[in-house]
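Notes for the one structure printed next.
The values are calculated or read from the model by the stated rules, or taken from the named source; none is laboratory data. Not measured: the values here are computed from a predicted model. Note that we place each Cβ from the backbone using ideal geometry, even for glycine, and neighbour counts take in every protein chain shown. For the accessible areas, the whole protein counts, side chains as well, though only heavy atoms, and no ligand, DNA or RNA atoms are used. Shrake-Rupley method; radii C 1.70, N 1.55, O 1.52, S 1.80 Å.
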Amino acid sequence: MKKIAVFASGSGSNFQSIAYAAKSGELKAEIVLLVCDNPKALVLERAEKLGIPAFVFSPRKYDSKEAFETEIAARLKESGAEFLVLAGYMRLIGSTLLAAFPRKIVNIHPSLLPSFPGKDAVGQALAAGVKVTGVTVHFVDEGMDTGPIIAQRSVEVKEGDTRESLQAKIQDVEHQLFPSVLQKLLGERILT
Ligand code: GAR
């Protein structure tokens, strides 16, 4: 059974879908740690209910990204995590974690990358007036949503869609796609 850590900053609906998939056996992995950079995030309540340990920190209490990532790396080592899953972690991963987990970090992003990287991808898609947007799962590199793409699913933008309605459709797709892509990846030799 692979040991994974999930990184999240906000609501944690993707964290929860991964945790449910791990519980049901659809995803043959154990979430050994949640890493959260926001002490007020709802994801922390979800983790507590699920009995998943969390490392929560305030980035501004550290001198640098290197300083907090060094602490994260130590916690990850303690937890035995072998693979990192970014599920709404709204922060660029720095060289400390990239070096500690080479090609072992994946992210989910709510657009068809390379379109609409960065913040508010759903709002960016609406503002651009596209008819199709979607979801991307990709390996993480030092860039902003730029690493090699692993899987994508499209989502139609309908006349009258609002940010809320489009986000809900995208998240439904994310909650299906992410656990299944993770299961595929964890079964591959590349990640063993
Ligand atoms: C998800 O839609 C995820 O794709 C997005 O944040 C949301 C987190 O929702 N991530 C990014 O925009 C990363 N650039 P959740 O906390 O309910 O899982």
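Details
- Note on Lys49: lysines with a C-alpha under 18 Å away, same-chain residues under 8 apart excluded, are Lys23, Lys40.
- Inter-part distance, segment 152-188 to segment 75-144, computed on C-alpha centroids, equals 14 Å.
- With distances taken between every two different alpha-carbon atoms, segment 30-78 has a Kirkwood hydrodynamic radius of 11.4 Å.
- As a length-normalised measure over Cα pairs under 8 Å and 6 or more apart, the relative contact order of segment 1-53 settles at 46 percent.
- Of the peptides 153-162, 17-26, the ranking by mean beta-carbon count within 10 Å, highest at the top, reads 17-26, 153-162.
- The mean of 1/r over all distinct Cα pairs in segment 1-45, once inverted, gives the Kirkwood hydrodynamic radius of 10.7 Å.
- Rounded to the nearest 10 degrees, the inclination of helix 13-24 to the longest alpha-carbon principal axis of the chain is 60 degrees.
- With all pairs of separate Cα atoms included, the chain yields a Kirkwood hydrodynamic radius of 16.9 Å.
- Taking every C-alpha pair closer than 8 Å and separated by at least 6 residues, the mean separation divided by the residue count of the chain gives a relative contact order of 21 percent.
- Nearest-ten-degree value, helix 65-79 long axis tilted from longest Cα axis of the chain: 70
- Sorting the segments 102-110, 114-122 by their residues' average number of neighbouring beta-carbon atoms within 10 angstrom, most packed first, yields 102-110, 114-122.
- Amide hydrogen neighbours beyond the local backbone of Glu30, cut-off 5 Å, H modeled: Lys2, Lys3, Ile4
- Charge context of Val173, other residues only, Cβ under 13 angstrom, K/R +1, D/E -1: -1
- Taking 0.36 nm per residue of separation and subtracting the current Cα-Cα distance, fully stretching the chain between Ser11 and Glu30 would add 4.8 nm.
- Beta bridges from DSSP with both residues in the chain: antiparallel share about 40 percent, rounded to the nearest 5.
- Taking every alpha-carbon pair in segment 38-133 and binning the separations at 5 Å intervals from zero gives 2, 10, 18, 20, 19, 14, 10, 5, 2, 0 percent.
- For the chain, calculated [θ]222 nm from helices alone, where every DSSP H run of n ≥ 4 adds -39500 (n - 2.57): -12500 deg cm²/dmol
- Computed over segment 124-192, the convex hull of the alpha-carbon atoms projects to a mean area of 5.3 nm².
- Heavy-atom accessible surface of the chain, averaged per residue, reaches 50 Å², computed with a 1.4 Å probe.
- Compared with the dominant Cα axis of the chain, that is its longest principal axis, helix 163-187 is turned about 50°.
- Cubic angstrom per residue, convex hull over Cα atoms of segment 98-154: 62
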